[in-house]
1. Step by step: first the residues of segment 38-47, then only those that are part of a loop (DSSP other than H, G, I, E, B) and either farther than 14 Å from Leu14 by Cβ or of a type in the set (D, E, K, R) (or both), then the one that is nearest to the chain's Cα centre (by Cα). Which residue is that?
2. Can you name the residue in segment 1-24 that is assigned to a loop (DSSP other than H, G, I, E, B), of a type outside the set (A, V, I, L, M, F, W, C) and touching an Asp or Glu at 6+ places or on another chain (Cβ under 9 Å) and, of all such residues, is modelled with the highest pLDDT?
3. Which of the following residues is at pLDDT 95 or above and basic (Lys, Arg): Lys27, Lys99, Lys76?
4. Of the residues that sit in segment 48-81 and are assigned to a helix (DSSP H, G or I) and of a type in the set (A, V, I, L, M, F, W, C), which one is farthest from Phe38 (Cα to Cα)?
5. So how many residues does segment 40-74 have that are surrounded by fewer than 16 Cβ atoms within 10 Å (Cβ to Cβ), of a type in the set (A, V, I, L, M, F, W, C) and over 22 Å from Lys25 (Cα atoms)?
Amino acid sequence: MKIQLQNGCSHSKLSVNPSNWNTKKAKIVINWFINYRFYDSRFPKPKQIKIQGMNSFKSLTERQKETLRLIEEECKALQNGYNPFSVPNNSSLDSYTFKRGLNYCISII
């Protein structure tokens, strides 16, 4: 199911791996990630988005809180016009978040 955005783009539902991330049975020995697809009609294929900023948290409760925060942050950014196609690929997660925020701020000035 696609979620329509005000900028004419859309995205799939954000999902978390592991799927039981919000239960007491979730394991923190594996890397977690949030993923979704972003659709922009200017491009023929959707962009697969993967967010992993929660893996530095070593307790289950902290990782769950950070995962929820990241989901809320991403949804808010998407609703405010964030378009992942306008962000260059970068392997550094720390700079990815900073660059994404900086690029978004520059684009609305």
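The values are calculated or read from the model by the stated rules, or taken from the named source; none is laboratory data. No experiment lies behind these values; they were computed from the predicted model shown. All Cβ positions, glycine included, derive from the backbone under ideal geometry; neighbour counts span all protein chains shown.
1. As a first pass, look at segment 38-47 and keep what is part of a loop (DSSP other than H, G, I, E, B): 40-46.
Those left that are additionally either farther than 14 Å from Leu14 by Cβ or of a type in the set (D, E, K, R) (or both): 40-45.
Values: Asp40: 16, Ser41: 20, Arg42: 21, Phe43: 19, Pro44: 21, Lys45: 18 Å.
Step by step, filter segment 38-47, then rank; the result is Asp40.
2. Taking segment 1-24 as the starting set, the residues that turn out to be assigned to a loop (DSSP other than H, G, I, E, B) are 1, 5-9, 13-14, 18-24.
Still in the running and of a type outside the set (A, V, I, L, M, F, W, C): 6-8, 13, 18-20, 22-24.
Subset that is touching an Asp or Glu at 6+ places or on another chain (Cβ under 9 Å): 7-8.
Numbers: Asn7: 85, Gly8: 88.
My answer is Gly8.
3. Details: Lys99 fails: at pLDDT 95 or above; Lys76 fails: at pLDDT 95 or above.
Every option except Lys27 fails the conditions.
4. First, pick out the residues of segment 48-81 that are assigned to a helix (DSSP H, G or I): 60-79.
Next, only the ones that are of a type in the set (A, V, I, L, M, F, W, C) stay: 60, 68, 70-71, 75, 77-78.
Numbers: Leu60: 29, Leu68: 19, Leu70: 16, Ile71: 14, Cys75: 12, Ala77: 13, Leu78: 10 Å.
It comes out as Leu60.
5. 1
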